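The values are calculated or read from the model by the stated rules, or taken from the named source; none is laboratory data. Nothing here was measured: the structure is a model prediction, and the numbers come from that model. Neighbour counts run over all protein chains shown; Cβ positions are idealised from the backbone, glycine included.
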Amino acid sequence: MIARGSAPLIAVPLIIAFVLVFINLIYVALIFLIIFIFFIIFFRDPERTVGDGIVSPADGRLSSIKKEGGILRLSIVMGLHNVHVNRAPFEGKIAKIEHIKGKHVPAFDKNSDANERVVTTLDTQIGQVTIVQIAGAFARRIVPYVHTGDRLSKGQRIGIIRFGSRVDLYLPKNRIELTVKEGSTVKAGVSCLAREVPDED
């Protein structure tokens, strides 16, 4: 299955390849055919069985876990080989979606917090859960699939970051118990990052 919103981009190198074959530039056409095959692989969107607990919103490596007051921030860096469709980590209703313009430095750079990003805030049974899709040096386009007011099921597709970058997940610290550690490899909609714990009140 090809990721929603990527078909026009995938079609471009294929069309160019056909034109180049028509004018007998076979070797150049082969380059664009290779690009087409790369895009097909890159923009794949496989069906997945949703995992237990609070699941990862992205494929990649869990690069950091930081405490910010009563919130835990989990940062997942996506590589070029990962699926780049992001998914809802928990069921809830979208309270707000905000697109923030910014830089385009590599996702692993310490200044990447100022990059262009889309912030999706969910109202859930454990409180507010926030997903931040961050553009990188090559990921110049974040394509949301959802809107403010939508009710999401766990594992539902929420959008795609073209050409990889980073996704940050903000969870209420007193309502969850982590099941992963820094450096873990995770899959969107499948890998359990944390489990819900009862409210202390």
Handout entry: Odd one out for ASN24, checked against (1) over 30 Å from ILE176 (Cβ atoms); (2) outside any loop (DSSP other than H, G, I, E, B)
Key = (2)
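Between VAL143, VAL190, which is modelled with pLDDT of 95 or more, surrounded by 15 or more Cβ atoms within 10 Å (Cβ to Cβ), β-branched (Val, Ile, Thr) and not in a helix (DSSP H, G or I)? Working first, answer last.
Numbers: VAL143 fails: modelled with pLDDT of 95 or more.
Matching residue, one of VAL143, VAL190: VAL190.
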Exercise for the section: Provide a single number: the residues in segment 157-177 that are surrounded by fewer than 16 Cβ atoms within 10 Å (Cβ to Cβ) and closer than 12 Å to SER56 by Cα. Expected result: 0
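Scan segment 65-84 residue by residue and report those that are loosely packed, with under 14 Cβ neighbours inside 10 Å and either modelled with pLDDT of 95 or more or closer than 20 Å to CYS192 by Cα (or both).
So in segment 65-84, the residues loosely packed, with under 14 Cβ neighbours inside 10 Å come out as 66-70, 79-81.
Across segment 65-84, the qualifying residues are LYS66, LYS67, GLY79.
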Exercise for the section: With respect to ARG87, determine if the residue is at pLDDT 95 or above and more than 14 Å from the chain's Cα centre (by Cα). Expected result: no
Practice task
Among residues belonging to segment 66-81 that are over 19 Å from GLY127 (Cα atoms) and not in a loop (DSSP other than H, G, I, E, B), point out the one that is farthest from the chain's Cα centre (by Cα).
Solution key: SER75
Completion exercise
Picked from segment 51-65 (must be closer than 26 Å to SER153 by Cβ and assigned to a strand (DSSP E or B)), the residue farthest from the chain's Cα centre (by Cα) is ILE65
